[in-house]
Amino acid sequence: MFALRVGRPVVAAVAPSVRLQTRNYATLKEIQLRLKSVNNIAKITKSMKMIASTKMTRAQKAMEMARTFGKTQIALFSHADTKPADDARTIVITVSSDRGLCGGIHSSVSKASRQILEDKSDAEAIVLGDKAKAQLSRTHRENIKLSFNQIGKSVPTYAEASAIADTILKEKVEFDHAIIVYNYFKSIISYYAETIPVYSESVFAKSGNFAAYEIEDDVLENLQEFAFANSIYWGLVESHAAEMASKRSAMENATKNAGEMIDKLTLTYNRGRQAAITNELVDIITGASAL
């Protein structure tokens, strides 16, 4: 009867212009998604810059007050000619925070602390903040005696500094000379690692000009504890102000870079879209001419 004839399927050749259009549309879609992503990032970094600016203003006010007490305390030790002995027991207190996205703010204090620990290999380290702890743990893990976290969420208070000082004293961390490493706030765009010296009660009592002060034993003990807590508070507040300034600069640079990327992607997207439209017009004109 009738024979069923099976032929090979006919594969239509795809014109190069169609392939080009498909590739252009895929590329345009990818660029559009990238543009949307970068725009969202720019909005986030701009908001974070505004938040850091507000926090920096508050931190600067607290920093100015802490500096007044801190410089007075340094003047007291300087006038009394307080100096630790060569074999004095030393501890290094590194002040940082738990948060990032603020440039090299944590690396500066970690580097300065490393240099002190290398010069004084028997010194113990106390770290405030997880960022500096992670950096110092790579090279001086055995020197770290205590560490504190939950630092830098808001402007530090004297109560927090007193709690840290009480914890250090209760843990029987004995020292003759404490070196507090913190970031000194020079300006909105400048900071550097600096140190605050703190001395024990016995070292202060052996000062060269100690006889000029009429201080009773119980008052001397209270003065040493206050000086220790006040120095920690000064370092915390100063570092917090420097961190907020660094974060503001980092977010400002990120927003600027995102804006430049948006401009480049927009230009690329417009060029690709114009090329795709031109190819479509060429195909329509070519098809109309063939009729």
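The values are calculated or read from the model by the stated rules, or taken from the named source; none is laboratory data. All values reported here derive from a predicted model rather than from experimental measurement. Positions of Cβ are generated from backbone atoms using ideal geometry, with glycine treated the same way; all protein chains shown enter the neighbour counts. The area values use the complete protein model at the heavy-atom level, side chains included, leaving out ligands, DNA and RNA. Shrake-Rupley method; radii C 1.70, N 1.55, O 1.52, S 1.80 Å.
Identify, from the list TYR184, TYR192, the residue that is within 24 Å of GLU64 (Cβ to Cβ), modelled with pLDDT under 90 and open to solvent by 60 Å² or more (accessible area, probe 1.4 Å). TYR192 is the lone residue from the list that is within 24 Å of GLU64 (Cβ to Cβ), modelled with pLDDT under 90 and open to solvent by 60 Å² or more (accessible area, probe 1.4 Å). Put simply, of SER121, SER154 the only residue that is of a type outside the set (Phe, Trp, Tyr) and under 17 Å from ASP87 (Cα atoms) is SER121. Filtering segment 73-103 to residues that are surrounded by fewer than 17 Cβ atoms within 10 Å (Cβ to Cβ), among the hydrophobic types (A, V, I, L, M, F, W, C) and within 14 Å of the chain's Cα centre (by Cα) leaves only LEU101.
Here ASP119 fits the description: over 16 Å from the mean Cα position of the chain (by Cα) and either farther than 23 Å from LYS170 by Cβ or of a type in the set (Asp, Glu) (or both). Taken over segment 235-291, the residue count meeting the criterion of being open to solvent by less than 20 Å² (accessible area, probe 1.4 Å) and either more than 22 Å from THR27 (Cα to Cα) or among the β-branched types (Val, Ile, Thr) (or both) is 13. Could you tell me whether ASN222 is under 23 Å from ALA161 (Cα atoms), open to solvent by 40 Å² or more (accessible area, probe 1.4 Å), free of Cβ contacts under 8 Å to residues at least 40 places away in the same chain and out of contact with any Leu (no Cβ under 8 Å at 6 or more places or on another chain)? Answer is yes for this residue.
Find the residue count for segment 104-128, including only residues that are of a type in the set (S, T, N, Q) and either open to solvent by 10 Å² or more (accessible area, probe 1.4 Å) or farther than 20 Å from TYR233 by Cα (or both). Summing the residues that are of a type in the set (S, T, N, Q) and either open to solvent by 10 Å² or more (accessible area, probe 1.4 Å) or farther than 20 Å from TYR233 by Cα (or both) in segment 104-128 gives 4.
Pairing each residue of segment 108-134 that is on the phi > 0 side of the Ramachandran plot with any residue that is open to solvent by 30 Å² or more (accessible area, probe 1.4 Å) and outside any strand (DSSP E or B), provided the two are 6+ apart or on different chains, yields C-beta distances under 6 Å for GLY129/ASP98.
Number of residues in segment 135-173 that are without any contact (Cβ under 8 Å) to a residue 24 or more places away in the chain and basic (Lys, Arg): the value is 4.
Let's see how each residue does on (1) under 18 Å from GLU225 (Cα atoms); (2) part of a helix (DSSP H, G or I):
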| position | (1), (2) |
| --- | --- |
| MET63 | no, yes |
| LEU76 | yes, yes |
| ILE91 | yes, no |
| ARG99 | no, no |
| SER113 | no, yes |
| GLN135 | no, yes |
| GLN150 | no, no |
| ALA161 | yes, yes |
| ILE164 | yes, yes |
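Scan segment 180-215 for residues that are closer than 13 Å to ILE93 by Cα and either of a type in the set (Gly, Ala, Ser) or assigned to a loop (DSSP other than H, G, I, E, B) (or both) and the total you get is 1. Scan segment 195-212 and give yes if some residue there is over 17 Å from ALA85 (Cβ atoms), among the hydrophobic types (A, V, I, L, M, F, W, C) and open to solvent by less than 10 Å² (accessible area, probe 1.4 Å), otherwise no. Yes, the conditions are met somewhere in segment 195-212.
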